[in-house]
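Below is one structure, written out as structure tokens, with a few remarks after it.
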Amino acid sequence: MIRMSNVQKRYGREFRAIKGLSLHIRRGEFVFITGPSGAGKTTLLKMIYCEQKADDGEILVNGRNLSRLRRGSIPYLRRNIGVVFQDFKLIHSKSVFDNIVFALRVVGTPKSDTKRRAWDVLRRVGLQHKINSYPLCLSGGEQQRVAIARAVVNDPAILIADEPTGNLDAAVADEIMSLLEEIHVRGTTVVVATHNMGIVHRMKKRVIRLEDGKCVSDTDAPDAFELDEDKIALVKPSVG
Ligand SMILES: Nc1ncnc2c1ncn2[C@@H]1O[C@H](COP(=O)(O)OP(=O)(O)O)[C@@H](O)[C@H]1O
Ligand SMILES: [Mg+2]
């Protein structure tokens, strides 16, 4: 579903944010990307949803080679990827309901379907009683539920979440993680970047750890990372 081979990403001329990263995330997996601040987690996710382009190496998402993708194809690829952020990024001037309807309209959903689908997805995230509220009248946890509803309303194959619980207290963070788990159980591939190790330990999922732009461990392939760094690219593709 997501395959990276020897990916490099620079910001500016000198600074290398991602330094030869190879990984394979299979369809239907739930994977955490962890590592300290500045390790390259956000950059990795941005490359998956085409917000940043790799400078070198190859990235395949849903069978498409992102380095060969033309600009015009990016919106089509993004339809298959829902994204959730730490700061929710909801449209404050629109109601909860209209935030979802907007996401449906953007991809050309027929008007006759939007109301029912918006209602259904808000029920899935437990917010049917808040449809007429405005984002800033909701708690952080509720706002994140709306953001998740918006991310999955078009049934993406992949859901990406970048520090989705970074602004939430611990109990609410666990609720958001349960919601992501429910989405995963329904068949979506879920990739979550977080430096919250408490959550990572409780969820018992695959964990890919980045440090300084490199993958330093992957619970799915413990043996691969005992080898030399330059052999990882050879070993990784055989996993799965
Ligand atoms: N747009 C940018 N321009 C320059 N440097 C950046 C940019 N985005 C991120 N960086 C740098 O790249 C490194 C990795 O950042 P990031 O991917 O955001 O890491 P993380 O999400 O793990 O904290 C950091 O050193 C960061 O300062
Ligand atoms: Mg980040």
> Per-residue HN-Hα couplings for the range 5-14, Karplus 6.51 cos²θ - 1.76 cosθ + 1.60 at θ = phi - 60°, whole Hz, x for Gly and Pro?
Replying inline: 10, 6, 7, 10, 9, 10, 10, x, 7, 9
> In percent, what relative contact order does the chain have, based on Cα pairs under 8 Å that are 6 or more apart in sequence?
Replying inline: 29
> Separation of the range 90-104 and the range 159-200 by C-alpha centroid, Å?
Replying inline: 22
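What length, rounded to one decimal in nm, is gained on full extension from Leu69 through to Asp87, with 0.36 nm per residue of separation minus their alpha-carbon distance? Each step should come with its number before you reach the end.
Details: separation 18, 0.36 × 18 = 6.48 nm, distance 2.88 nm.
So the chain would gain 3.6 nm between Leu69 and Asp87.
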>> Which of Asp212, Asp113, Asp174 ends up with the largest GNM mean-square fluctuation for the chain, with Cα atoms connected below 10 Å?
In response: Asp113
> Under the rule of -39500 (n - 2.57) per DSSP H run of 4 or more residues, summed and divided by the residues of the chain, what mean residue ellipticity at 222 nm is obtained, to the nearest 500 deg cm²/dmol?
Replying inline: -10000 deg cm²/dmol
>> Over the chain, with a Gaussian network built from C-alpha contacts below 10 Å, which listed residue (Cys215, Cys137, Cys50) shows the highest mean-square fluctuation?
In response: Cys137
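State the extension gain, in nm to one decimal, for the chain segment bounded by Leu60 and Val216, taking 0.36 nm per residue of separation less the distance between their alpha-carbons.
Details: separation 156, 0.36 × 156 = 56.16 nm, distance 2.13 nm.
Stretched out fully, the Leu60 to Val216 stretch lengthens by 54.0 nm.
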>> Looking at the chain, identify the longest residue range that excludes and avoids all GluC sites (Glu not before Pro) in DSSP loops having at most 16 other Cβ atoms within 10 Å.
In response: 52-240
> Once you wrap a convex hull around the alpha carbon atoms of the range 83-199, what is its projected area averaged over all directions, in nm²?
Replying inline: 6.8
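Once the mean 1/r over all distinct Cα pairs of the chain is inverted, what Kirkwood radius in angstroms do you read off? Write out the running numbers ahead of the final one.
Values: mean 1/r = 0.0539 Å⁻¹.
Taking the inverse mean of 1/r over all distinct Cα pairs, the chain comes out at 18.6 Å.
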> Which residue, Arg202, Arg116, Arg71, has the most motion in a Gaussian network model of the chain that connects Cα atoms within less than 10 Å?
Replying inline: Arg71
>> Taking R0 as 35 Å, what FRET efficiency do you get between Leu136 and Met197 from their Cβ-Cβ distance, rounded to the nearest 0.05?
In response: 0.70
>> Expected output is a single nm value to one decimal: the length gained when fully extending between Arg10 and Arg123, i.e. 0.36 nm times separation in residues minus the C-alpha distance. What is it?
In response: 36.5 nm
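Here, each number is a calculation from the coordinates, and none is a lab measurement. Everything quoted here is computed from the prediction, not taken from an experiment. For neighbour counting, all protein chains shown are included, and Cβ atoms are generated from backbone atoms with ideal geometry for every residue, glycine included.
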